[in-house]
1. Where a ≥ b ≥ c are the square roots of the eigenvalues of the C-alpha gyration tensor, would you call the stretch 430-582 rounded, which needs a/c under 1.5, or, failing that, prolate if a/b is larger than b/c, or oblate?
2. Keeping all protein chains in the complex and leaving out DNA, RNA and ligands, what accessible area do you get for Lys390 with a 1.4 Å probe, in Å² to the nearest 10?
3. Looking at the chain only, what percent of DSSP beta bridges run antiparallel? Nearest 5 please.
4. Please give the net charge around Glu557, taking every other residue with its beta carbon less than 14 angstrom from that of Glu557, where Lys and Arg add +1 and Asp and Glu add -1.
5. Gain in length, Glu456 to Lys528, computed as 0.36 nm per residue apart minus the alpha-carbon separation, to one decimal in nm?
6. Excluding Ile271 itself, calculate the net charge of residues whose Cβ lies under 9 Å from the Cβ of Ile271, where each Lys or Arg counts +1 and each Asp or Glu counts -1.
7. Once you have a ≥ b ≥ c as the square roots of the Cα gyration tensor eigenvalues for the stretch 9-174, tell me rounded if a/c is under 1.5, and otherwise prolate or oblate according to whether a/b is larger than b/c.
8. Going by average Cβ neighbours within 10 Å, how do the peptides 455-465, 267-277, 339-349 rank, with the highest at the top?
Amino acid sequence: MAATPAADSRLLVIYASETGNAMDAAERVGRQAERGGCPAVDVLPMDSFDPSCLPSERFVVFVVSTTGQGDTPDSMKGFWRYLLKKNLGARWLEGVRYAVFGLGDSGYQKYNFAAKKLDKRLLHLGAEPIIQVGLGDDQHPSGYEGALDPWLLSLWESLNQTTPSLLPRMYDIINPDLSVLGDAKVEVIYHSSDEAQQDSNLLDFKNLIQRARSMSPSLQFYNNDKEPHYMLQMVSNRCLTKENSDRDVRHFELENPSSGITYQVGDALEILPSQSPSAVDSFIERCKLDPDCYITVMSFFATAEHEKEKLQYFASPEGRDDLYQYNQKEGRTILEVLDDFPSVQMPFEWLVQLTPPLKKRAFSISSSPLAKPNQIHLTVSIVSWRTPFKRMRRGLCSSWLAGLNPNEENLIPCWVHHGSLPPPHPSTPLILIGPGTGCAPFCAFVAERAAQSTSEATAPILFFFGCRNQENDFLYKDFWYAHAHDQGVLSSKNGGGFFVAFSRDQPQKVYVQHRIREQSARVWNLLKSGAAIYIAGSSTKMPADVTAALEEVICEETVCSEEEASIWLRKLERNGKFHTETWS
């Protein structure tokens with residue numbers, strides 16, 4: 001094992017990312033530091049770094065995103081818990097110099113909350129800020145990069161003033177020589193079709209995925225996650241919304257052909273999608289590759305005068321806004337960019353190096369292992385949207401899943417991970433709020449409790465569901481009503497209840513928060529008996545509106561102030577009985 005470089009000559013970049021943007025920004029920090037001649041640069045995901053080693057570092061850059069209603073990414077949770085230890089004194093990080101850059105959206109109340117609280121905690125532990133915390137904003141015309149560019153320049157200038165040996169080629173950061181590229185860091189190995197048929201390594205899907213993900217610097221530290229936990233077969237692909245509805249929500253059932261599946265309610269399933277065969281064929285043709293070859297590694301490169309000028313402009317600080325509009329806002333693929341610049345003929349090695357790996361997509365599991373021991377069910381909205389230039393775009397993973405035929409072999413690379421909703425004890429009463437596809441984890445909760453009720457006493461459940469129309473998108477209608485009747489776990493006879501809000505079926509919009517207020521007494525009675533609250537769904541206004549409705553219930557039923565009701569809910573959260581899982 002190579003010796004660790006001296007901390008004084010190393011820049012450590014640690015990121016916590018939910019969708020991949022913080023990872024991209026962190027890798028950019030690392031690339032610029034390398035261009036400036038930094039003797040050692042390491043870019044690591046936060047959950048791969050041991051926080052107890054932090055006092056040994058000298059220069060650390062943190063890049064963190066904020067999710068949902070001010071939540072930290074999953075990869076930051078363990079690191080953050082460690083930093084909150086009471087035995088860490090005010091001088092624990094003395095000698096450590098740090099900088100924090102956050103990625104957030106100013107449209108949310110707790111804008112960049114994760115970055116702000118990390119910056120504050122590091123300061124309390126004795127670390128010295130190199131510069132002020134940077135706040136990237138999705139609402140900026142250039143996205144988070146609108147703040148990242150000037151922040152990085154300030155970072156390098158500050159470091160160069162205090163520690164010039166860390167960036168001996170500072171000039172190359174400020175004025176990069178775009179005519180000098182250097183050597184590619186990857187090697188391409190081609191295999192003929194005949195060779196591939198005889199090479200077991202190239203026929204093993206799990207092994208191929210593990211090897212491909214190992215190539216990415218950002219993924220090489222996830223030792224347990226390179227190889228899929230399971231290769232699952234889709235056995236059901238059913239549309240839950242009405243045929244002519246403007247929304248397409250699917251119910252997928254996945255099965256393990258070889259053995260069982262280990263998971264629990266509240267878990268999430270991560271899926272690594274595939275590109276469409278037509279896109280792969282077009283890519284092979286554009287890159288002038290032999291379509292009959294199996295390719296272990298891939299790459300990128302380019303040329304031509306007017307195109308070179310435009311590309312250099314896009315790469316400059318002056319062109320950042322136009323680049324954001326051209327690329328991110330339009331969601332252009334690498335193939336589309338290559339087609340827009342036909343003179344670009346990069347060596348294939350560079351295409352591999354510059355092309356980010358496909359990201360896994362996480363979905364809440366909507367089945368119970370007690371009810372479906374060898375299956376995992378998902379409730380997925382098939383994503384589509386129009387860009388500012390009216391191009392139709394579709395979500396890669398959701399569209400790929402929707403296109404799979406259960407009657408054909410289709411092995412899906414999957415990973416099971418704990419989500420934000422811990423499985424409740426059977427004796428704990430539940431108040432569940434899940435409009436739209438937010439109902440997914442609660443399908444699992446209800447099915448689990450129904451299975452438990454056959455062999456033991458279980459507590460009641462109140463479930464609040466919401467959708468636009470009763471006819472078009474009432475997801476799992478029969479399932480909910482079946483459990484709300486007779487002795488079902490949602491039945492009023494058992495102290496439970498099922499309440500649904502159809503927002504567009506009357507002149508005045510009705511949402512789940514209205515139904516919660518209408519059931520104020522029932523909600524409070526269940527809270528008094530020790531109920532836990534679970535909220536899942538869109539991260540826009542819903543969680544805040546639902547929380548406000550719950551505070552109103554507490555105010556009305558106990559005749560207390562809004563502040564006292566807010567304190568009551570925060571105490572519930574500290575006691576592990578208020579959980580939220582949201583997505584954008």
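1. On the way: a/c = 1.63, a/b = 1.12, b/c = 1.46.
Oblate shape, in that a/c is at least 1.5 and b/c is the bigger or equal ratio.
2. Spelled out: Lys390, probe radius 1.4 Å, area about 150 Å².
3. 45 percent
4. Charge balance in the 14 Å sphere: -3.
5. Here the answer is 23.7 nm.
6. Values: positive: Lys360, Arg361; negative: Glu270.
So the environment of Ile271 carries a net charge of +1.
7. oblate
8. Details: 455-465: 20.5, 267-277: 18.1, 339-349: 15.3.
So the peptides 455-465, 267-277, 339-349, ranked by packing, come out 455-465, 267-277, 339-349.
The values are calculated or read from the model by the stated rules, or taken from the named source; none is laboratory data. What you see is a predicted model; the values in this text were computed from it and never measured. So basically every Cβ, Gly included, is an ideal-geometry build from the backbone, and we count neighbours across all protein chains shown. Protein only, heavy atoms only, side chains kept; ligands, DNA and RNA dropped before computing areas. Shrake-Rupley method; radii C 1.70, N 1.55, O 1.52, S 1.80 Å.
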